[in-house]
Amino acid sequence: MSIKSNIAALKQELGSATLIAVSKTKPVEALEEAYAAGQRDFGENYVQELVDKQARLPHDIRWHFIGHLQSNKVKYLAPFVHLIHGVDSYKLLQEINKQAAKNARVIDCLLQVYIAQEQTKFGFDAADLQALLNSQRLADLQHVRVRGLMGMASNTADTARVSAEFRQLAELFATLQNYRGGNLQPDYLSGGMSADYALALAEGCNMVRIGSTIFGERNYTR
Ligand SMILES: *Cc1c(COP(=O)(O)O)cnc(C)c1O
């Protein structure tokens, strides 16, 4: 299987959902192959790697940052990033707002929601999210636009549990619609990776982040 045929097969399966090709650890040549196949949305987890690749690849690529973002690195992404998926605190939103203002931009973000029963996953929980929605604190940040939610389900073979986690994410996304307006424009629900995207789509996710199914397994020697 080639990168091109992997993308074609996925596109068939995804229908109208947006495919983010997760290219972390993969060489520029692999991204070029995906680009030649028509792929324009790419996701990366490491700021330096994303910045390096952005400089070497066509400028109509939409770069998605999907990793855990540290406040002190926002400035490197702010000039061009398309969507930041993993926003897990108000403090980080404030920093994105500040750096977006410096670049005369409005940066689209997804709030990461904690759905997995694992201690290692970052994000807002339902109560944090509700508190943020009930406050004026989002409206204060005129250079960010919250475009939806992102979640990572538990890494488990228990598909009922994974589905239940994505359902919980979809319910929060539905709640978010009641607060739509201003800089809260919740259109994207980002959930699902190679192992669980079918379950994510079934629960209503409309954006999936897929790496190994497109590019093959990663080796973690970096
Ligand atoms: C690496 C990664 C993916 C893609 O994982 P695959 O299993 O290779 O599809 C998706 N989302 C996030 C947040 C990731 O870190």
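Of interest is the spacing of the C-alpha centroids, which for the stretch 1-57 and the stretch 176-195 amounts to 22 Å. Net charge dipole, the stretch 66-188: roughly 520 debye, given to the nearest 20, about the Cα centre with Cβ charges of +1 for Lys and Arg and -1 for Asp and Glu.
Annotation: extensible slack from Lys98 through Ala36 equals 18.8 nm (criterion: 0.36 nm per residue apart, minus Cα-Cα distance). For the options Ile61, Ile107, Ile20, a Gaussian network treatment of the chain with springs between C-alpha atoms closer than 10 Å singles out Ile61 as fluctuating the most. Taking the chain on its own, what percent of its Cα-Cα pair distances exceed 32 Å? That tail contains 15 percent of the Cα-Cα pairs. Working note: 222 nm ellipticity from helices only, DSSP H runs with n ≥ 4, each -39,500 (n - 2.57), summed and divided by the residues of the chain, gives -11000 deg cm²/dmol to the nearest 500. Amide H to amide H, with H built 1.01 Å from N, Tyr188 comes under 5 Å of Gly148, Leu149, counting only residues 5 or more places away or on other chains. Among Gln48, Leu176, Ile3, pick out the residue whose Cα is farthest towards the positive end of the charge dipole of the chain, where Lys and Arg carry +1 and Asp and Glu carry -1 on C-beta, about the Cα centre. Farthest along the dipole direction, towards plus: Gln48. Between Ser71 and Arg137, the simple label model (points 7 Å from Cα in the Cβ direction) yields a spacing of 1.2 nm.
Simple point charges give the picture: +1 on the Cβ of Lys and Arg, -1 on the Cβ of Asp and Glu, and for the stretch 117-222 a dipole about the Cα centre of about 320 debye.
Nearest 5 percent is fine: what portion of the DSSP beta bridges confined to the chain is antiparallel? Looking only at bridges with both residues in the chain, the antiparallel portion is about 5 percent.
When the trypsin sites (Lys or Arg not before Pro) in the stretch 48-138 are filtered for DSSP coil states and for at most 16 other beta-carbon atoms within 10 Å of their beta-carbon, the remaining sites are Arg105, Arg137. Which of the pairs Lys24/Lys102; Lys4/Lys75; Lys11/Lys91; Lys53/Lys91; Lys11/Lys75; Lys4/Lys53 have their Cα atoms more than 31 Å apart in this structure? Flagged as over cut-off: Lys4/Lys75; Lys11/Lys91; Lys11/Lys75.
Evaluated with a Cβ-only charge set (Lys, Arg +1; Asp, Glu -1), the stretch 8-121 carries a dipole of roughly 420 debye about its Cα centre, given to the nearest 20. Annotation: extensible slack from His59 through Ser16 equals 13.1 nm (criterion: 0.36 nm per residue apart, minus Cα-Cα distance). Annotation: peptides 123-133, 22-32, 147-157, ranked by per-residue average of other Cβ atoms within 10 Å with the highest first, follow the order 147-157, 22-32, 123-133.
No value in this document is a laboratory result; all are computed from the given coordinates. Bear in mind the structure is a predicted one, so any value in this text is a computation, not a measurement. Backbone-built Cβ (ideal geometry, glycine too); neighbour counts: all protein chains shown.
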